[in-house]
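Visitor: Supplied in structure tokens, the structure appears directly below.
What follows draws every value from the coordinates through simple rules; no lab data is involved. Fair warning: this is a prediction, and the values are worked out from it, not measured in the lab. Note: ideal-geometry Cβ built from the backbone for every residue, glycine included; neighbour counts use all protein chains shown.
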Amino acid sequence: MTDKLTNAQIAWRAAQDIADGAYVNLGIGFPEMVARFQPPGRQAVFHTENGVLGFGEAPTAGDEDWDLINAGKKAITLKPGTAFFHHADSFAMVRGGHLDVAILGAYEVAETGDLANWSTGPKDVPAVGGAMDLVHGAKRVAVITDHVTRKGQPKLVERCTLPLTGVGCVTRIYTSLAVIDIEAGRFILREMLPALSIDALQNVTGAKLHVTDPVGDLICPEV
Amino acid sequence: MDKRLASLAEAVAGIPDGATVMIGGFGGSGAPIELIHALIDRFLETGSPKGLTVINNNAGNGRVGIAAMIEQGMVAKMICSFPRSADPRAFTERYQAGEIALELVPQGTLAERIRAGGAGIPAFFTPSSVGTDLAIGKPVQTFEGRDYVMERWLKADYALLKAELGDHLGNLTYRMAARNFSPLMASAAARTVVQVRRAVEPGEIDPEHVITPGLFVDAIIEVANPAQEEELNRAGACHP
């Protein structure tokens with residue numbers, strides 16, 4: 001295995017599946033990059049758990065207003081149509097099924113759709129934030145992640161070993177090597193890097209990859 | 001009726017040892033820094049209040065605000081969703097030393113528990129945390145084929161909040177994302193004390209713009225140029 005997508009390219013690929021006018025929550029950190037890659041002519045409305053809908057990009061350094069931040073506590077900006085609301089309304093949007101897409105990071109995703117992304121075990125100070133709410137609220141819950149851990153271990157597994165964020169909640173995974181759907185407790189391979197063979201991909205995947213339809217080429221621009 | 005107080009010291013004077021205190025804010029946005037620091041000053045002078053249970057989304061950042069309360073040893077327990085921050089040392093050190101208890105709550109569940117506390121609803125069911133470690137020991141019930149966890153309301157003895165405008169009747173507006181948990185906490189505490197950037201006459205806030213009606217508010221104190229936690233931390237500030 002020689003090549004893989006950068007985080008920005010994974011975010012670019014995930015952004016291609018977001019429809020015009022979709023209401024979208026992006027997890028803290030890497031998933032926030034998805035907002036940069038909306039296809040031309042499409043405009044999603046971004047939600048952040050601390051109570052802002054339809055916000056703009058980060059301000060330039062020095063122009064931050066620290067009353068105007070996202071869930072990652074980074075400064076954001078207003079744009080026409082921005083709305084503020086309190087936390088109970090914010091999570092009514094989440095749990096009430098009003099968001100079209102939530103995109104989160106992952107430590108592990110199981111073929112059952114189980115997600116582990118909040119705790120690496122008892123040595124850590126545990127911190128969950130809004131992840132457990134998001135995975136049960138959005139109409140579509142997608143994960144973006146490297147295909148393997150830094151040590152090369154599969155992140156796509158039969159059963160998660162780390163504490164769960166949610167059970168049976170993830171429906172699509174965008175990795176550095178492939179796009180994989182979860183249907184009826186199985187990983188269904190949809191796209192993979194053109195240079196890769198299914199066997200090579202299977203070797204770095206911790207559960208069986210199923211092929212039900214022709215597998216597309218995963219091709220991303222340099223971004 | 002006039003809910004204005006004369007001093008920050010008066011605003012925090014009644015909080016007893018062992019009290020449960022909701023503190024508004026998400027990170028630094030909406031954090032009532034002056035009220036918190038007045039509480040710390042009272043503790044340093046009198047030794048009270050201590051053994052507090054603090055409810056906030058986070059567990060402090062740096063050496064000001066809630067982090068400074070924890071550093072001083074005033075907090076026995078945090079109820080929060082995300083006790084990590086850019087500089088989480090105050091909480092992390094006490095937590096790892098076993099000197100502070102943690103009740104970790106999913107963020108939406110935390111908000112709804114506070115809302116329920118203010119709305120007189122002792123329990124509710126949510127899909128959040130079903131099948132996870134955070135649901136252990138909690139009743140689960142199936143509705144229309146899906147499992148939900150029962151969560152209990154959260155109430156407090158005091159809420160310490162920050163708002164933008166406050167009139168003498170306690171009607172409040174907030175500034176941008178600084179609103180976050182504050183309207184919920186205002187309803188869920190036996191006594192709600194709010195620092196406002198500007199105290200105004202009744203009628204100066206358009207009734208269409210009131211976010212927290214004065215009924216939920218017991219006292220306001222004007223703090224004209226409130227400190228912003230993020231800016232304090234960037235300046236390396238420390239309280240006291």
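Visitor: Mind telling me which of the residues B:L35, B:L44, B:L39 ends up being farther than 25 Å from B:D133 by Cβ, out of contact with any Pro (no Cβ under 8 Å at 6 or more places or on another chain) and outside any loop (DSSP other than H, G, I, E, B)? Show your work before the answer.
Guide: Numbers: B:L44 fails: out of contact with any Pro (no Cβ under 8 Å at 6 or more places or on another chain); B:L39 fails: out of contact with any Pro (no Cβ under 8 Å at 6 or more places or on another chain).
One residue alone meets the criteria, B:L35.
Visitor: When you check B:D133 against the structure, is it under 22 Å from A:I28 (Cβ atoms), more than 8 Å from every other protein chain (Cβ to nearest Cβ) and among the charged types (D, E, K, R), yes or no?
Guide: no
Visitor: How many residues, within segment A:21-40, are assigned to a helix (DSSP H, G or I) and either buried (at least 18 other Cβ atoms within 10 Å of the Cβ) or free of Cβ contacts under 8 Å to residues at least 24 places away in the same chain (or both)?
Guide: We begin by selecting, within segment A:21-40, every residue assigned to a helix (DSSP H, G or I); these are A:30-37.
Those still in the list that are either buried (at least 18 other Cβ atoms within 10 Å of the Cβ) or free of Cβ contacts under 8 Å to residues at least 24 places away in the same chain (or both) too: A:30-35, A:37.
Total satisfying the criteria: 7.
Visitor: A further question follows. In this structure, does A:V24 turn out to be hydrophobic (A, V, I, L, M, F, W, C) and within 30 Å of B:G118 (Cα to Cα)? Explain how you work it out, then say what you get.
Guide: Values: hydrophobic (A, V, I, L, M, F, W, C): yes; within 30 Å of B:G118 (Cα to Cα): yes.
Against the criterion (hydrophobic (A, V, I, L, M, F, W, C) and within 30 Å of B:G118 (Cα to Cα)), A:V24 qualifies.
Visitor: Right, next: Return a yes/no flag: does segment A:128-148 have any residue that is assigned to a loop (DSSP other than H, G, I, E, B), in contact with a Lys or Arg (Cβ under 6 Å, 6 or more places away or on another chain) and either of a type in the set (S, T, N, Q) or facing chain B (nearest Cβ under 9 Å) (or both).
Guide: Filtering segment A:128-148 for residues assigned to a loop (DSSP other than H, G, I, E, B) gives A:128-130, A:135-139, A:146-147.
Those still in the list that are in contact with a Lys or Arg (Cβ under 6 Å, 6 or more places away or on another chain) too: A:137.
Subset that is either of a type in the set (S, T, N, Q) or facing chain B (nearest Cβ under 9 Å) (or both): A:137.
Yes, segment A:128-148 has at least one match.
Visitor: Within segment A:156-184, can you find the residues that are more than 14 Å from every other protein chain (Cβ to nearest Cβ), of a type in the set (G, A, S) and either under 22 Å from A:W118 (Cα atoms) or in a strand (DSSP E or B) (or both)?
Guide: Keep residues of segment A:156-184 that are more than 14 Å from every other protein chain (Cβ to nearest Cβ), which gives A:156-158, A:171-184.
In the following step, the residues that additionally are of a type in the set (G, A, S) were identified as A:176, A:178, A:184.
Selection gives A:S176, A:A178.
Visitor: Looking for whichever is part of a loop (DSSP other than H, G, I, E, B) and surrounded by fewer than 19 Cβ atoms within 10 Å (Cβ to Cβ) here; the options are B:G60, B:G98. Which one fits?
Guide: On the way: B:G60 fails: surrounded by fewer than 19 Cβ atoms within 10 Å (Cβ to Cβ).
Answer to the selection: B:G98.
Visitor: Quick one: B:P88 ticks every box in (1) surrounded by 24 or more Cβ atoms within 10 Å (Cβ to Cβ); (2) farther than 25 Å from B:A190 by Cβ; (3) in contact with a strand residue (DSSP E or B) (Cβ under 9 Å, 6 or more places away or on another chain) bar one, so which box is it?
Guide: (1)
Visitor: Something else: Looking at B:V200, B:V210, B:V194, which is the one that is buried (at least 19 other Cβ atoms within 10 Å of the Cβ), in contact (Cβ under 8 Å) with a residue 12 or more places away in the chain and on the phi < 0 side of the Ramachandran plot? I'd like the intermediate steps shown before the answer.
Guide: Details: B:V200 fails: buried (at least 19 other Cβ atoms within 10 Å of the Cβ); B:V210 fails: buried (at least 19 other Cβ atoms within 10 Å of the Cβ).
Step by step, each of B:V200, B:V210, B:V194 is checked, and only B:V194 is buried (at least 19 other Cβ atoms within 10 Å of the Cβ), in contact (Cβ under 8 Å) with a residue 12 or more places away in the chain and on the phi < 0 side of the Ramachandran plot.
Visitor: I've got another one for you. Say we look at segment B:83-112 and pick out the residues that are charged (D, E, K, R) and facing another protein chain (nearest Cβ under 10 Å); which of these is nearest to the chain's Cα centre (by Cα)? Even if it seems obvious, please write down each step before you answer.
Guide: Step one: filter segment B:83-112 for residues charged (D, E, K, R), giving B:84, B:87, B:89, B:93-94, B:99, B:103, B:112.
This time we only want the ones that are facing another protein chain (nearest Cβ under 10 Å), so: B:84, B:112.
Numbers: B:R84: 16, B:E112: 14 Å.
Looking at the filtered set, the residue picked out is B:E112.
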